[in-house]
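See below for the structure under consideration.
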Amino acid sequence: MTVTWVALAVLAVALAWPVPILLARASWPSRAPATALVVWQAIALAGGLSMLGALFSYGLEPFGPDLASGLAAFPGWVLSGRLPTGTTFLQMFAVSGGILLGLHLVLTLGLTFGRAERSRRRHAQLVQLLSAPMPERPGLRLLDHEAPVAYCLPGTTRSVTVLSAGLVDLLDDQQLQAVIAHEFAHATQRHHLLLVAFRAWRGSLPWFPIATRALDAVTVLVEMLADDRARQQVPDEALAASIALVASASDVTAVSSLDSGADAAARALAADGDSAERRLTRLITPGAPLGAGARALALVCSVALLAVPTVLIVAPAVLA
């Protein structure tokens with residue numbers, strides 16, 4: 001299994017540092033945000049699979065000729081109180097690390113989704129109490145607050161888009177339509193699930209700078225993806241104006257006053273800071289859309305990223 005764990009370790013290091021750095025610095029994702037999101041997900045999944053695969057392939061090398069047989073034989077050796085001849089401390093450390101890391105990733109993912117769901121329910125209850133429905137716009141609720149705020153509150157079966165009175169007063173009809181279309185895109189495309197998953201990645205590896213960089217990149221990309229949906233209904237000028245106006249007068253206290261413990265999705269999807277600047281640049285000086293060939297290449301690379309560690313892990317057992 002030496003070749004397997006070395007190859008997986010090299011891939012894990014590449015996906016943990018240079019590949020995400022290059023993708024975060026690249027200019028093409030803003031020209032194809034949906035494709036870039038697929039690539040980011042492939043990097044995260046393949047990176048985790050490679051990291052765990054490398055640890056187990058190295059640690060279980062004395063227990064069998066391949067990872068599958070090593071995993072099958074490992075419990076028996078442990079229960080017998082003995083280890084195969086030649087087993088080293090580093091190999092047992094790698095196995096222990098792989099088990100702990102795997103459990104940590106799964107538990108963090110579950111806890112993050114659980115906290116997000118509890119926060120969403122609590123926030124939804126507060127929205128019902130502190131806002132009023134807008135009869136002329138089904139699915140929208142009006143929050144009596146002077147700060148210009150708009151956000152999507154996802155639901156299990158039905159999502160709600162919350163607008164503040166300050167936002168309605170600030171924007172004209174076309175600009176308001178752009179904001180509503182943008183928030184509806186977040187709801188229909190379930191962007192909150194993607195953000196929670198990357199938030200869990202960052203939470204499970206807080207010392208890992210690339211996890212934070214990935215979350216930042218994905219946050220901006222989902223904003224751009226929602227912008228693209230809004231651009232199908234309103235001119236770019238109206239969307240850009242709404243982003244600029246909301247960003248210049250943005251105040252997250254309207255959201256935090258509802259629920260100080262609420263999930264950060266409402267603020268993460270707000271039009272402020274670096275996200276607003278990059279979105280405006282994209283709308284004011286748009287580049288040519290990424291070509292079909294380049295998008296296809298990016299998708300092929302994403303599939304390859306997932307296939308390579310899978311093949312490295314499974315192939316030795318199949319070919320044995």
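Looking across the range 104-115, just one residue is out of contact with any Leu (no Cβ under 9 Å at 6 or more places or on another chain), closer than 30 Å to LEU167 by Cβ and not hydroxyl-bearing (Ser, Thr, Tyr), and that is ARG115. Annotation: of all residues in the range 20-44 being of a type in the set (A, V, I, L, M) and either crowded, with 18+ Cβ neighbours inside 10 Å or farther than 30 Å from HIS191 by Cβ (or both), the one that is farthest from the chain's Cα centre (by Cα) is ALA32. May I ask you to verify whether ALA197 is buried (at least 22 other Cβ atoms within 10 Å of the Cβ), among the small types (Gly, Ala, Ser) and within 18 Å of ALA42 (Cβ to Cβ)? Spelling it out, it is not the case that ALA197 is buried (at least 22 other Cβ atoms within 10 Å of the Cβ), among the small types (Gly, Ala, Ser) and within 18 Å of ALA42 (Cβ to Cβ). Of all residue pairs spaced 6 or more apart or on separate chains, those with beta-carbon atoms under 9 Å, a first member in the range 293-320 that is farther than 29 Å from PHE63 by Cα and outside the structural domain of GLU61 (by TED's automatic domain parsing) and a second member that is charged (D, E, K, R) and part of a helix (DSSP H, G or I) are ALA294/ARG31.
On the basis of being farther than 21 Å from PHE208 by Cα and either crowded, with 21+ Cβ neighbours inside 10 Å or in the same structural domain as VAL314 (by TED's automatic domain parsing) (or both), does LEU49 make the cut? Judged against the criteria, LEU49 is not a match. Annotation: of all residues in the range 299-320 being assigned to a helix (DSSP H, G or I) and in contact with a Pro (Cβ under 9 Å, 6 or more places away or on another chain), the one that is surrounded by the fewest Cβ atoms within 10 Å (Cβ to Cβ) is ALA317.
Every residue, every condition in (1) in contact (Cβ under 8 Å) with a residue 12 or more places away in the chain; (2) in the same structural domain as ALA315 (by TED's automatic domain parsing), yes or no:
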residue: PHE63; (1), (2): yes, yes
residue: GLY70; (1), (2): yes, yes
residue: GLY81; (1), (2): no, yes
residue: GLY98; (1), (2): yes, no
residue: LEU103; (1), (2): no, no
residue: LEU109; (1), (2): yes, no
residue: THR112; (1), (2): yes, no
residue: GLU117; (1), (2): no, no
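In the range 186-236, which residues are acidic (Asp, Glu) and in contact with a Pro (Cβ under 8 Å, 6 or more places away or on another chain)? Of everything in the range 186-236, those that are acidic (Asp, Glu) and in contact with a Pro (Cβ under 8 Å, 6 or more places away or on another chain) turn out to be ASP228, ASP236. On the given criteria, is TRP17 surrounded by fewer than 16 Cβ atoms within 10 Å (Cβ to Cβ) and touching a helix residue (DSSP H, G or I) at 6+ places or on another chain (Cβ under 7 Å)? Yes: the conditions hold for TRP17.
Annotation note: Cβ proximity below 7 Å between a residue of the range 228-245 that is surrounded by 22 or more Cβ atoms within 10 Å (Cβ to Cβ) and a residue that is outside any helix (DSSP H, G or I) (sequence gap 6+ or interchain) occurs for SER242/LEU171; ILE243/ALA271. Note on the range 58-176: enclosed strands (runs of 3 or more DSSP E) holding 1 or more residues that are surrounded by fewer than 18 Cβ atoms within 10 Å (Cβ to Cβ) and out of contact with any Cys (no Cβ under 8 Å at 6 or more places or on another chain) are 131-133, 140-143. Consider the range 186-233 and keep the residues that are modelled with pLDDT of 95 or more and not in a helix (DSSP H, G or I). The one that is nearest to ALA32 (Cα to Cα) is GLN232.
The values are calculated or read from the model by the stated rules, or taken from the named source; none is laboratory data. Everything quoted here is computed from the prediction, not taken from an experiment. Ideal geometry is used to build each Cβ from the backbone, glycine not excepted, and the neighbour counts take in all protein chains shown.
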